[in-house]
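Chemist: The following block contains the structure, expressed as structure tokens.
The numbers here are math on the coordinates, done by the rules we state, and not lab data. Remember, it's a predicted structure, so these values are computed and weren't measured experimentally. We place every Cβ from the backbone using ideal geometry, glycine too, and count neighbours over all the protein chains shown.
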Amino acid sequence: MVMMIMKKLRTPSVSWDEFCCASSTVFRVLAYSTQVLTPTHVANTSSTATGTTLYHRLVRFRDPSVVPVLDQWVGEGRAIDQVDLHKIIKQLRKFGRYKHALQICRWMNDKPYLDVSYKDVSVELDLISKVYGLKQAEEYFNKIPNTSRVWQVYGALLNCYAKAKSLEKAEATMQKMRELGYSGSLTYNVMMGLYSATEKYEKLDLLMEEMEQKGIRIDKFTYAIRLNAYAKTLEIQKMEKLLLKMEADPEVLMEWHVYTLIANGYLKASEKEKALMSLKKSEYLIRPSQRKSAYEILLTLYASAGRKDDVYRVWNLYKNIGKFYNHGYLCLLSSLAKLDCIDDVEKIYEEWEEQNTYFDFHVPNLLITMYCKKGLLEKAENLVKKLIESGKEPNASTWSRMAMGYVKNDGMEKAVEAMRKSILGSFHGCTVDTATLSACLDYLDRKGHLDEAEEMIKSLHQKGHLSQGVYMGVVKNLSRKPLLQDLI
């Protein structure tokens, strides 16, 4: 398959340095286009007489494989526009539907009448890593001839390692790219992001010095990564010094999110006034297309600064954007919860109940968490009861939060029952609140209710939270308390 792809590959039309200069995101090497795909746009080239588009068929499709949809489209005698396929792949990736995106990539590979570029290969490599893991991504990469491993492909591999926080392999790939002359701003930004994520902060300055020595442009992403690391480590003077350098750089256009990074650093360092000044600067730089995401971050930061009036001021700006959905309410509710304004949280929750068009359990779960943390268990129970009566069965997260509240308020029998419901309602691979689970198992162990403990552990195993070996070992020695602790 890989060799067939290589035979179809088009030669890249831009150099590495040109690409880096033109990139608008740190991981641009993996993107087909910066244009947002809309049904209307796709309809321009892929529409049928009835208005149905290939975009609609693929994006709305929920079966395990989208290949039959593509085959049917071709079987109906309809044209395939490769540009549209690229944009559909990008949209599917945006939705987190990596398996479907990969299926389209592989379907394209099998069609001799479709060209495959090096960018296509890099996207497929990234998708393989997301769907099947690093091992299969490496196997795919190793089948690509050395002569065809251009900077896009190496960049995709480096990004896979960075996303997986595989430090040694990322460093080895970075060194290989240096040797091949593929190291540009993008490469260094990916490595700096990885070092920051793995708290190897001492290596960030070394990379920036290397960039300056080699004449590699330090762009806005490089600055942002280093500023964020300074904020995390509370190196406020160094953060301020680098900010001044960034502001003086004629090639860098200052954007709103830089000042939110700075404000976050100031807040962590308890320099509230400087934080507020940075947030005001941030607001001045917000472009109309950026308002939604910017306002959501500002809500959180103003709450961290204890500025309730500013939280509501930004919320009113947010509402004036136009139609918005649950995420905005979640940002506001979590901000008000951070300010410990329970009356305001309840008021906004009632507003959400009246206006929401798509129910999202994250919203009531946030209020339930606040009730449980404050010991208002009756209110939490009433909210759960109201949800059930309205036909909305509480999910695993709801019961986990209730269990946490019962544990905090010495209601262990109810905690055990809620935790049991949480486990039974969970899906494979989801996170279990280990502190609450530990308290429930410890309670059952102390009471001598080993049958109930075994049943709970069995449910954990059935839901994929315990391997077969751990499950058998714990059940075999259930009365030995240290093993229960080892389980957690």
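Chemist: Considering only the other residues whose Cβ falls under 15 Å of the Cβ of E202, what net charge follows from Lys and Arg at +1 and Asp and Glu at -1? Could you put the intermediate results ahead of the total?
Modeler: Working: positive: K200, K203, R226, K232, K238; negative: E171, E199, D205, E209, E210, E235.
Taking every Cβ under 15 Å from that of E202, the sum is -1.
Chemist: Pairs K165/K203; K280/K338; K165/K421; K203/K238; K379/K458: which exceed 26 Å Cα-Cα?
Modeler: On the way: K165/K203 15 Å; K280/K338 21 Å; K165/K421 34 Å; K203/K238 15 Å; K379/K458 32 Å.
Violating the 26 Å limit, Cα to Cα: K165/K421; K379/K458.
Chemist: Can I ask one more? Between K241 and R313, 0.36 nm times their residue separation minus their Cα-Cα distance comes to what?
Modeler: Numbers: separation 72, 0.36 × 72 = 25.92 nm, distance 3.12 nm.
Extra length available between K241 and R313 comes to 22.8 nm.
Chemist: State, to one decimal in nm, how far the label point of E413 lies from the label point of D451, with both points 7 Å from Cα in the Cβ direction.
Modeler: 1.7
Chemist: Rounded to the nearest 0.05, what FRET efficiency do E209 and S289 give with R0 = 35 Å and r taken as the Cβ-Cβ distance? Could you check?
Modeler: On the way: r = 35 Å, r/R0 = 1.01.
Efficiency for this residue pair is about 0.50.
Chemist: Taking 0.36 nm per intervening residue step and subtracting the Cα-Cα distance, what contour gain separates S65 from F427 on full extension?
Modeler: Stretched out fully, the S65 to F427 stretch lengthens by 128.2 nm.
Chemist: Additional query: Within 11 Å, Cβ to Cβ, of K421, how many net charges do the neighbouring residues add up to if Lys/Arg are +1 and Asp/Glu are -1?
Modeler: Numbers: positive: K414, R420; negative: E393, E417.
It works out to a net charge of 0.
Chemist: Let me ask another. Just to verify a number: FRET efficiency for E273 and K232, C-beta to C-beta distance, R0 = 30 Å, to 0.05?
Modeler: 0.90
Chemist: Would the range 213-368 count as rounded, prolate or oblate if I go by the C-alpha gyration tensor, calling it rounded below 1.5 in a/c and otherwise prolate when a/b exceeds b/c, oblate otherwise?
Modeler: Working: a/c = 2.55, a/b = 1.91, b/c = 1.34.
It is prolate, given that a/c is not under 1.5 and a/b is the larger ratio.
Chemist: Right, another one. Treat the count of other C-beta atoms within 10 Å as a stand-in for reagent exposure and order C440, C105 from fewest to most.
Modeler: Working: C440 27, C105 22.
By the 10 Å Cβ count, ascending: C105, C440.
Chemist: Moving to a separate point now. For S438 and Q355, what does the FRET efficiency come to when R0 = 45 Å and r is the distance between their Cβ atoms, rounded to the nearest 0.05?
Modeler: About 0.70, to the nearest 0.05.
Chemist: While we're on this one: Run the numbers for K458 and K176: contour at 0.36 nm per residue of separation, minus the present Cα-Cα distance, in nm.
Modeler: Values: separation 282, 0.36 × 282 = 101.52 nm, distance 4.80 nm.
Contour length minus the Cα-Cα distance gives 96.7 nm.
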